[in-house]
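Written below as structure tokens is the structure these notes are about.
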Amino acid sequence: MVSDRKKLSEEEKEKRNRRKAKLYKHNLKIAPTEPITDNQSTAFHSYFQGKNVFLHGVAGTGKSFIAMYFALSEIMSGRAEKIVIIRSTVQTREMGFMPGSEEEKLAYYETPYKQLCAQLLSRDTSYNLLKEKGAIEFCSTAFMRGVTIDNSVIIIDEVQNMNFHEIDSILTRIGENSRLIICGDFRQSDLNVVGRKNDKSGIEKLITICEKMPSIDMIEFTAEDIVRSGFVKEYILTKIDLDYD
């Protein structure tokens with residue numbers, strides 16, 4: 001992705017201005033957001049210095065919130081054309097038992113991102129509006145074959161719920177001028193709950209690979225980074241103290 005520190009061509013400047021104008025005419029403005037913890041500060045620094053980031057660690061530490069803030073910052077500034085959110089709909093591997101069309105089944109998994117957009121853009125309908133304008137796309141790992149994702153911010157969320165084949169199929173789809181934000185926690189894989197013999201989480205392999213890639217910064221969030229609520233922090237600290245998974 002073109003860095004602000006590099007001189008932009010007139011054509012690229014015009015593209016950015018057109019992207020911004022498409023959103024500003026709907027009065028969408030991102031709320032100022034600052035990191036709360038030291039590890040959040042590290043994530044902010046890495047991302048806005050141009051690195052891809054892998055945010056991993058315990059629940060309630062703001063990983064998805066931070067990822068959405070980074071991504072919205074890119075499209076609101078015109079630096080990216082769209083946000084692509086990818087996650088594995090683990091429970092819907094038995095989707096046939098759920099009512100509704102495939103699109104309706106997948107819509108359940110979009111709820112957290114609708115809430116995040118509403119919070120960051122101060123408008124309840126902002127996610128749907130951005131989706132209608134092609135500025136946000138939500139995908140299941142089942143639909144990644146054969147695509148190339150250019151000029152986008154790609155959020156791979158709940159990566160612990162993907163097997164390594166799924167992860168590999170996403171990472172080999174990343175095209176030119178795209179940024180990558182990965183979020184997950186190896187302690188929380190739903191694949192174990194589903195109970196498929198050959199469906200093992202690929203997050204540990206992914207961590208090993210990403211640690212060796214200079215373009216990706218790994219930021220680990222601990223219980224001390226929990227910001228969701230005092231109760232969640234107390235619960236997780238107690239669970240860790242008792243050595244319960």
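Points worth noting:
- Legend: distances between Cα atoms for LYS105/LYS131; LYS15/LYS212; LYS13/LYS212; LYS51/LYS239; pairs beyond 28 Å are LYS15/LYS212; LYS13/LYS212; LYS51/LYS239.
- Ranked by how many other beta carbons lie within 10 Å on average, peptides 228-238, 170-180, 55-65 from highest: 55-65, 170-180, 228-238
- Summing +1 for each Lys or Arg and -1 for each Asp or Glu among the other residues whose beta-carbon sits under 15 angstrom from that of THR61 gives -3.
- Each peptide in 129-135, 158-164 receives the mean, over its residues, of other Cβ atoms within 10 Å, and ordering these scores from highest gives 158-164, 129-135.
Bear in mind these aren't lab numbers, they're just calculated from the coordinates by the rules spelled out. These numbers were taken from a predicted model, which means no experiment stands behind them. A quick note on method: Cβ atoms are made from the backbone with ideal geometry, for glycine too, and the neighbour counts reach across all protein chains shown.
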